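The values are calculated or read from the model by the stated rules, or taken from the named source; none is laboratory data. Note that the coordinates shown come from a computational prediction; the quantities given were computed from them, not determined experimentally. Here the Cβ positions follow ideal geometry from the backbone for every residue, glycine too, while neighbour counts run over all protein chains shown.
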Amino acid sequence: MAEVLVLVDHVDGEVKKVTGELLTAARALGEPSAVVVGSPGSAGKAKETLASYGAAKVYVAESDEATGYLVTPKVDALAAVAGQASPAAVLVAATSDGKEVSARLAARLGSGWLVDAVGVNSDGTVDQSIFGGAFSVKSKATRGVPVVSVRPGSVEAERAEGAAAEETVALPAVDPAKSARITGVEPVVGGDRPELTEASIVVSGGRGVGSAEKFETVEKLADALGAAVGASRAAVDSGYYPAQFQVGQTGKTVSPQLYVALGISGAIQHRAGMQTSKTIVAVNKDPEAPIFEIADFGVVGDLFDVAPQLTDEVAERKG
């Protein structure tokens, strides 16, 4: 069975949820092999998790330089492993970094690049939600080793036993003249809430929230549900919430089990970033709001009446 390479998304060896999703998706095409790029010791911390999601091999690409440059070491590692393993495909998370890594890798390998897939199929095709979610299509690479970026949250991670046999990969020295060096790292301030792209529940607020102070209503519901907080572009542009929490075509793409939209009209820009959510609940005063076209459940009403009641009901049931 051919190998399918999966780039491990991690922070100092702490594996992110999307990696389990990628390893699960890889099993449709062949035998999953994880590629860990990081500082020395990263793979050791990640190995147990990777084995629990079916990784047959763990390619260890570690060096002190690996975390000192943007993107390049990951592309180098994947290209090196692809050259020796002749994989059936390479899967990377469709994050901002992942999209650049996969694009550069496809160019370097002379391969087809399949972007922002929401499903991976055994016949080599991938499912994509395009034009802001207006159409669902199947695509297939016709040249080289398919390089696929997979949207976080679009595949349900399923555990499977894997040997996770380690194999060391030598990383070439990075040419500073051709690579962007990381000069400092500032952690994202997000409190105890889950990361937006990793969360199984997201509660987002839009222009209808009205002010930064009133976003507390959105946060309280999110905290009751154990959810991440998101915001529409209109809310971010109005200064209601920081840009790092923007959901949409020019923000982050999410695909949680539950997406709650409060005071969001549902412009195509926003829908493109959340339309593949499993269940969508919308609250808006305008019965003609486009968000209701894609919502599984809709409430026509004032979010400041509906959200507090929902928060209290959730808290009561949890209590």
Quiz item: Applying the selection to the stretch 28-46, what residues are surrounded by fewer than 21 Cβ atoms within 10 Å (Cβ to Cβ) and either farther than 26 Å from THR183 by Cβ or of a type in the set (Val, Ile, Thr) (or both)?
Solution: ALA28, GLY30, GLU31, GLY44
Quiz item: Which one of ALA282, ALA222 is of a type in the set (Gly, Ala, Ser), farther than 19 Å from GLU195 by Cα, modelled with pLDDT of 95 or more and not in a loop (DSSP other than H, G, I, E, B)?
Solution: ALA282
Exercise. For ALA222, state whether it is in contact with a strand residue (DSSP E or B) (Cβ under 6 Å, 6 or more places away or on another chain), small (Gly, Ala, Ser) and without any contact (Cβ under 8 Å) to a residue 40 or more places away in the chain.
Key: yes
Practice problem: Identify, from the list VAL81, VAL36, the residue that is assigned by TED's automatic domain parsing to the domain that holds ASP97 and in a strand (DSSP E or B). | Solution: VAL36
Quiz item: Regarding VAL189, is this residue more than 20 Å from LEU7 (Cβ to Cβ), surrounded by fewer than 20 Cβ atoms within 10 Å (Cβ to Cβ) and either modelled with pLDDT under 95 or not hydroxyl-bearing (Ser, Thr, Tyr) (or both)?
Solution: yes
Practice problem: Have a look at ALA55, ALA106 and point out the one that is in contact with a Ser or Thr (Cβ under 7 Å, 6 or more places away or on another chain) and either buried (at least 20 other Cβ atoms within 10 Å of the Cβ) or assigned by TED's automatic domain parsing to the domain that holds GLY251 (or both). | Solution: ALA55
Exercise. Residue by residue through the stretch 138-186, note down the ones that are of a type in the set (Lys, Arg) and either at pLDDT 95 or above or assigned to a loop (DSSP other than H, G, I, E, B) (or both).
Key: LYS138, LYS140, ARG143, ARG151, ARG159
